[in-house]
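The structure under discussion appears below in the form of structure tokens.
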Amino acid sequence: MNELIAAKKTITQIMTELGVEKNDPGMLVITNAEYAQLEGGPATLLLDMLSELTGCTRGKGSLLGALTSSGIPVWFSIRNGSGKTAFLQWKTGSFQSQFFDASPGTLLNYENWDAIADGIIGPDKLYTIGSIGSLWLLKAPWLVLKGAEMHGAGCPGNNAGFLIHNYLQKYLPLAGSDYYMFLFAPPTCGMDILRLIYASSAGEKQMLAMKIAPEKLSTYFTSNVVTFATVIRINQAQNSSKGVVLGFDLQAACRDAGVDVATFFPKGNRANSQFGFSRTKVSIAMAMLSIDEQMKYISELKVFSGTEQFAQKIAANGCDPYEKIFSL
């Protein structure tokens, strides 16, 4: 394929400009090649080429991906040990490139972030590459990185989902024929990492998302803590269930990171560079803490128990799950 020949030449040139050789320590590759297109066909062969030329691999944890729409052109980034990063995106027969400094001291300054986002990388892909690359640099747990891959970026909700996992292992562990049912009302970013960790999905009817009006939600929960996830441990053989509604204190996490929570919802959403910057900064601030320190952001909003049938009623289509939970 002519496209792959062009890719090989481009990658070699970029590595020279970054001052890296194959298997250089500190080098990181991030790409959407597992899902994207290269001249109308799957770009998956680019994954092998990137590994062959850079020495970065999945097994080493130095080749990371990002879930994107299957119809968009392929892109990738290569980062050297000092943080200098090359972003490349396929467009009309060639790779366009942009270089920028992704070291934390530079990237987590909003003026720098906004200037980088003004290039061909754009705000959305900078959010993906900047957040995942920063988590990798901090040696975040592998599941946090995998959750960020599935989510398309590292955000505080991804971190919180991992904390929910830690809570479940300690306070609501599975045994014997137990299984979890996850209910998100409203949906949250933590769905993706929990789906990954527990191989749960809506298709398997073990993970459900429901819309609920804010005014309705406020009749059950009066604090500013985000209603993050309801997890129910079910044992069908014993006809029993035990559940918990868990909250995530996003405002506290933002405050501790020095971020105004209002910047999480800027005009234009993902097209606004503030969207990705604020989420990245809080995610990184959380990742710099130990897991025990991060757990202060997770709280029990309601603990309940009942039969297996009761758990199924909570998850019934069209119902208000909290009305049933708070009726106990």
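Go through the range 69-86 and give me each residue that's of a type outside the set (A, V, I, L, M, F, W, C), surrounded by fewer than 17 Cβ atoms within 10 Å (Cβ to Cβ) and either under 20 Å from the mean Cα position of the chain (by Cα) or over 14 Å from residue 99 (Cβ atoms) (or both). Selection gives 69, 70, 71, 81. For the range 47-62, the count of residues that are under 30 Å from residue 189 (Cα atoms), surrounded by fewer than 21 Cβ atoms within 10 Å (Cβ to Cβ) and basic (Lys, Arg) is at least one. All conditions but one from (1) without any contact (Cβ under 8 Å) to a residue 40 or more places away in the chain; (2) under 28 Å from residue 266 (Cβ atoms); (3) of a type outside the set (S, T, N, Q); (4) outside any strand (DSSP E or B) apply to residue 124; the one that does not is (1).
Is the range 150-167 home to any residue that is among the β-branched types (Val, Ile, Thr) and over 24 Å from residue 75 (Cα atoms)? Among the residues of the range 150-167, at least one is among the β-branched types (Val, Ile, Thr) and over 24 Å from residue 75 (Cα atoms), which makes the answer yes. Right, residue 84: within 28 Å of residue 198 (Cα to Cα) and of a type in the set (Lys, Arg) or not? In short, no. Restricting to the range 273-328, and then to whatever is touching a helix residue (DSSP H, G or I) at 6+ places or on another chain (Cβ under 8 Å) and not in a helix (DSSP H, G or I), can you tell me which residue is farthest from residue 189 (Cα to Cα)? Per the criteria, the residue is 304. The test for being of a type in the set (A, V, I, L, M) and within 19 Å of the chain's Cα centre (by Cα) does not hold for residue 175.
Is there a residue being more than 19 Å from residue 276 (Cα to Cα) and not aliphatic (A, V, I, L, M) anywhere in the range 146-164? Yes, because at least one residue in the range 146-164 is more than 19 Å from residue 276 (Cα to Cα) and not aliphatic (A, V, I, L, M). Looking at the range 232-249, which of its residues are surrounded by fewer than 20 Cβ atoms within 10 Å (Cβ to Cβ) and of a type in the set (A, V, I, L, M, F, W, C)? Listed by number, the list holds a single entry, 237. Screening the candidates 314, 291 for the property of being touching a residue at least 40 places away in the same chain (Cβ under 8 Å), outside the structural domain of residue 219 (by TED's automatic domain parsing) and either of a type in the set (A, V, I, L, M) or within 28 Å of residue 144 (Cα to Cα) (or both) yields one hit, 291. Of everything in the range 167-207 that is among the polar types (S, T, N, Q) and surrounded by fewer than 17 Cβ atoms within 10 Å (Cβ to Cβ), the residue that is nearest to residue 290 (Cα to Cα) is 169. Per the listing 62, 69, the residue uniquely closer than 24 Å to residue 193 by Cα, of a type outside the set (Asp, Glu) and modelled with pLDDT under 95 is 69.
The single condition among (1) touching a helix residue (DSSP H, G or I) at 6+ places or on another chain (Cβ under 7 Å); (2) crowded, with 17+ Cβ neighbours inside 10 Å; (3) closer than 19 Å to residue 131 by Cβ that residue 38 does not meet is (3).
The values are calculated or read from the model by the stated rules, or taken from the named source; none is laboratory data. What you see is a predicted model, and the numbers here were worked out from it, not measured in a lab. For neighbour counting, all protein chains shown are included, and Cβ atoms are generated from backbone atoms with ideal geometry for every residue, glycine included.
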